[in-house]
Amino acid sequence: MNKILLFGAGKSATVLIDYLIEEAIPNNWTVIIADANREQIFVKTKNAPIVEAIQIDITDDIQRGLLIQQASIVISMMPPALHFLIAKDCLAFGKNLLTASYLDNSIKNLQHEIGNKGLLFLCEMGLDPGIDHMSAMKILDDTHLKGGTVISFKSHCGGLVAPESDNNPWHYKISWNPRNIVLAGKSGAEYKVNNKIYHKEYQELFNECTQVNISGLGQLAIYPNRDSLSYLPIYKMENVKTFLRTTLRHPSFCIGWDAIVKGGLTDDIVKILPAGLTFKTWSASIILLLNNSNKEMLDFLGLFEEELVPQTANTSADILQYLLETKLAMQPIDKDMIVMFHEIEYLKEGKIQKVESSLVVKGEDNLRTAMAKTVGLPLGIAAKLILNKTIQVTGVQIPTLPEIYNPVLKELEKQGVRFEERRF
């Protein structure tokens, strides 16, 4: 009997857990879920007999190692900084590893040893990164096979609130890790447009966001996402004129967040003394940035209230996270929405042709969110395909190979994650 070990039972793991339980009996699996909060596991599994719930301190080398030794495959839904602890054990004990996080240098540096052991460490296997890679590479590979030469690639993705649950001036609610929202864009962005390389610093990232029109949804704002350029060789498009990966938001969000970033309220380095500090005093640096476009949003977050900030806060980022979790929380009946949109231009027989591919997924409620579905399902599906030997590649990978993306996308379609494509 195969044992699937999942580290982490947080917001993004809900649908993954559902999928693993549903597939456990027909695939002869036992599912082990390890989290710091054992009760959270019971809530999400409804005490399913096929699941073993383990409370764990992930930094406990002995406990972590014992769990990994008994696993057939390991999925990590832990914060990115903790993946390496799990990766080292997976390498030591000869276990395949799946994560939804960006492939970082610490794991990349293990690739020689991972390859020599015939293991697969499959990273970026979530939504963005993940489904974005798979859906884009399918279009790009098909285009190349049919004799097209890609000249422009733009890929946009965002977690939004569904229109029927959109009832605040930010047009946004939190459906995933709130810390990631607070720090989004901190590293700036690099990308290529019309053969020119652009670098945007954090302070200018949300300023005057451009917009795209998505059928059925209207205008959405985009801001560049991290380092697009590092994907040029991975996507085999070093000579493409335009290559841009972005995050989608409602236009109002960018206006409000621009002020928050420029006001320094996302700082997670400088220590603060919360004793006696009010929200109004803490946010004083943003007063000069107030205008008619952002005042309602900033008021809504509670930046100017006379209440004391949480006494557990150590940085401005902590205070801001508290406000986001309080003011932009999803209510039980709320639904979120995932939107992904690829725009590709290519030359074929001397003519410029275009492909637009879009994905819209809505959540069921505030637990089985579209975010949890699109982040978790690719991991669960990949685990199944690895265990049944449909996927047999080894080494450190992200899902840009047809051996990975074809069967995963096919299974995602069965789960309702389906792209609409338009060529013109």
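Quick check: is even one residue across the range 149-159 in a helix (DSSP H, G or I) and either more than 23 Å from the chain's Cα centre (by Cα) or not hydroxyl-bearing (Ser, Thr, Tyr) (or both)? Break it down into steps so the answer makes sense when it comes.
Kept after step one, since they are in a helix (DSSP H, G or I), are these residues of the range 149-159: none.
Looking through the range 149-159, none of the residues is in a helix (DSSP H, G or I) and either more than 23 Å from the chain's Cα centre (by Cα) or not hydroxyl-bearing (Ser, Thr, Tyr) (or both).
So Arg64 passes all but one of these: (1) more than 26 Å from Phe42 (Cβ to Cβ); (2) open to solvent by less than 10 Å² (accessible area, probe 1.4 Å). Which condition number does it fail?
(1)
Could you go through the range 127-150 and let me know if any residue there is of a type in the set (S, T, N, Q) and open to solvent by 20 Å² or more (accessible area, probe 1.4 Å).
Quick first cut of the range 127-150, residues of a type in the set (S, T, N, Q) only: 135, 143, 149.
Now narrow it down to the ones that are open to solvent by 20 Å² or more (accessible area, probe 1.4 Å): 149.
Checked against the condition, which is being of a type in the set (S, T, N, Q) and open to solvent by 20 Å² or more (accessible area, probe 1.4 Å), the range 127-150 yields at least one hit.
Residue pairs, Cβ under 6 Å, 6 or more apart or interchain, first in the range 330-358 and in contact (Cβ under 8 Å) with a residue 12 or more places away in the chain, second surrounded by fewer than 22 Cβ atoms within 10 Å (Cβ to Cβ) and among the aromatic types (Phe, Trp, Tyr). List them.
Qualifying pairs under 6 Å: Lys354/Phe424; Ser357/Phe419.
Quick one: is Glu52 part of a strand (DSSP E or B), farther than 16 Å from Thr99 by Cβ, open to solvent by 40 Å² or more (accessible area, probe 1.4 Å) and not polar (S, T, N, Q)?
Here the answer is yes, as Glu52 does meet what is asked.
For the range 105-118, give me each residue that is out of contact with any helix residue (DSSP H, G or I) (no Cβ under 7 Å at 6 or more places or on another chain), open to solvent by less than 60 Å² (accessible area, probe 1.4 Å) and either outside any helix (DSSP H, G or I) or of a type in the set (Ser, Thr, Tyr) (or both).
Passing the criteria: only Gly118.
Kindly establish whether Asp299 is under 20 Å from Val270 (Cα atoms), charged (D, E, K, R) and either open to solvent by less than 70 Å² (accessible area, probe 1.4 Å) or in contact (Cβ under 8 Å) with a residue 12 or more places away in the chain (or both).
On the way: under 20 Å from Val270 (Cα atoms): no; charged (D, E, K, R): yes; either open to solvent by less than 70 Å² (accessible area, probe 1.4 Å) or in contact (Cβ under 8 Å) with a residue 12 or more places away in the chain (or both): yes.
Considered against the rule, which asks whether it is under 20 Å from Val270 (Cα atoms), charged (D, E, K, R) and either open to solvent by less than 70 Å² (accessible area, probe 1.4 Å) or in contact (Cβ under 8 Å) with a residue 12 or more places away in the chain (or both), Asp299 comes out as no.
Which one of these is among the β-branched types (Val, Ile, Thr), over 16 Å from Gln311 (Cα atoms) and in contact with a helix residue (DSSP H, G or I) (Cβ under 7 Å, 6 or more places away or on another chain): Ile269, Ile286? First the steps, then the outcome.
On the way: Ile269 fails: in contact with a helix residue (DSSP H, G or I) (Cβ under 7 Å, 6 or more places away or on another chain).
Exactly one of Ile269, Ile286 is among the β-branched types (Val, Ile, Thr), over 16 Å from Gln311 (Cα atoms) and in contact with a helix residue (DSSP H, G or I) (Cβ under 7 Å, 6 or more places away or on another chain), namely Ile286.
So Gln211 passes all but one of these: (1) touching a residue at least 60 places away in the same chain (Cβ under 8 Å); (2) under 24 Å from Asn294 (Cβ atoms). Which condition number does it fail?
Condition not satisfied by Gln211: (1).
Within the set of pairs 6 or more residues apart or between chains, which connect a residue that is over 14 Å from Leu82 (Cα atoms) and open to solvent by less than 10 Å² (accessible area, probe 1.4 Å) inside the range 3-17 to a residue that is at pLDDT below 95 and of a type in the set (Ser, Thr, Tyr) with Cβ atoms less than 7 Å apart?
Close Cβ pairs satisfying both conditions: Ile17/Thr45.
Say whether the condition of being part of a strand (DSSP E or B), in contact with a helix residue (DSSP H, G or I) (Cβ under 8 Å, 6 or more places away or on another chain), at pLDDT 95 or above and of a type outside the set (Val, Ile, Thr) is met by at least one residue in the range 343-351.
yes
Given the options Ile58, Ile75, Ile41, Ile32, name the one that is touching a residue at least 24 places away in the same chain (Cβ under 8 Å), in a helix (DSSP H, G or I) and surrounded by 17 or more Cβ atoms within 10 Å (Cβ to Cβ).
Step by step, each of Ile58, Ile75, Ile41, Ile32 is checked, and only Ile41 is touching a residue at least 24 places away in the same chain (Cβ under 8 Å), in a helix (DSSP H, G or I) and surrounded by 17 or more Cβ atoms within 10 Å (Cβ to Cβ).
Quickly run through the range 78-101 and pick out the residues that are surrounded by 16 or more Cβ atoms within 10 Å (Cβ to Cβ), out of contact with any Pro (no Cβ under 6 Å at 6 or more places or on another chain), not in a helix (DSSP H, G or I) and not basic (Lys, Arg).
Those that are surrounded by 16 or more Cβ atoms within 10 Å (Cβ to Cβ), out of contact with any Pro (no Cβ under 6 Å at 6 or more places or on another chain), not in a helix (DSSP H, G or I) and not basic (Lys, Arg): Met78, Asn96, Leu97, Leu98, Thr99, Ala100.
The values are calculated or read from the model by the stated rules, or taken from the named source; none is laboratory data. Everything numeric here is computed off the predicted structure, so don't read it as measured data. Heads up, the Cβs are rebuilt from the backbone with ideal geometry, glycines too, and the neighbour counts pull from every protein chain shown. With ligands, DNA and RNA removed, areas are computed over all heavy atoms of the protein, side chains included. Shrake-Rupley method; radii C 1.70, N 1.55, O 1.52, S 1.80 Å.
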